[in-house]
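No value in this document is a laboratory result; all are computed from the given coordinates. Keep in mind it's a predicted model, so treat the numbers as computed, not measured. Neighbour counts are summed over all protein chains in view; Cβ atoms, including those assigned to glycine, are modelled from backbone coordinates with ideal geometry.
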Amino acid sequence: MPLHTTALVLFSGGQDSTTCLADALSKYQRVETLGFDYGQRHRVELDVRGNILAKMRERFPDWAPRLGEDHVLTLAALAQLGGSSLTEEVAFAMQADGLPNTFVPGRNLLFLTLAGALAYRRGLQVIVTGVCETDFSGYPDCRDDTMKAMQLALSLGLERRLVIETPLMWIDKAETWSLAHRLGGEPLVDLIVEETHTCYLGDRVHRQAWGYGCGECPACDLRKKGWERYAAALPAGAATTSTR
């Protein structure tokens, strides 16, 4: 019997968190999900979450019994702090400290703290998050060292052993698409393309080969380049959503 059997997935409704959810469902007996409303410009990501979860249950019957309760918590204070292009109508740009202004200081630290509290209350052992140190914007709260420090702090502060799992930490966006394909084949890749949302501008009008988005913001740029590398590596004649 595996050491850990339950997990809480930080589930935004985007490509990365949906892939992490599929990974957790392939391993754990009970999986719950957690989203955050923090005044993000791309709040549409919260709107697509329910549809993704419903389609997960419908299209993957082996996973459906494992998929438990969904939770959404509000963090209005992050928007009140201001200064980020994810919470204010300002252009994407680099800051004087070398970080993009899409960085929301403390966001992932707060997410994990609240996830730890919820996991404590719900009796969940593993917290799964889609942070990555390979294809990312340099956010310090996405680094492996930060995750290890948060795991230690939560376990000590809650007097309960919690594990923070980061399935995407050392892979790029192309490899994330490949991971989704290994986990759920074309049905999962199709679901991610059609239903998830990653665009920072909240664009659900323009349908790209890799999904909906403006095609220009930093999140779309990463996703697009990853899709192109993933699609180029497919065997000749293999079907992808972009060619059907």
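If you keep only loop residues by DSSP, which chymotrypsin sites (Phe, Trp or Tyr not before Pro) in the range 135-244 have at most 14 other Cβ atoms within 10 Å of their Cβ?
170
Restricting the calculation to Cα positions, tell me the Rg (one decimal) and the Dmax (whole number) of the range 121-244 in Å.
16.8, 54
Less than 18 Å apart at the alpha-carbon level, and either on another chain or at least 8 residues along: which aspartates and glutamates does that give for residue 55?
Straight-line reach from residue 55, under 18 Å: 16, 23, 32, 45, 47, 69, 70, 186, 190, 194, 195.
Once label points are set 7 Å from the Cα along Cα→Cβ at both residue 228 and residue 161, what is their separation, rounded to one decimal in nm?
Those two pseudo-labels are separated by 4.6 nm.
If the cut-off is 24 Å between C-alpha atoms, which lysines fall inside it for residue 225, apart from same-chain ones fewer than 8 positions away?
173
Could I get the Rg over Rh figure for the range 1-82? Both from C-alpha atoms, Rh via Kirkwood, rounded to two places.
1.03
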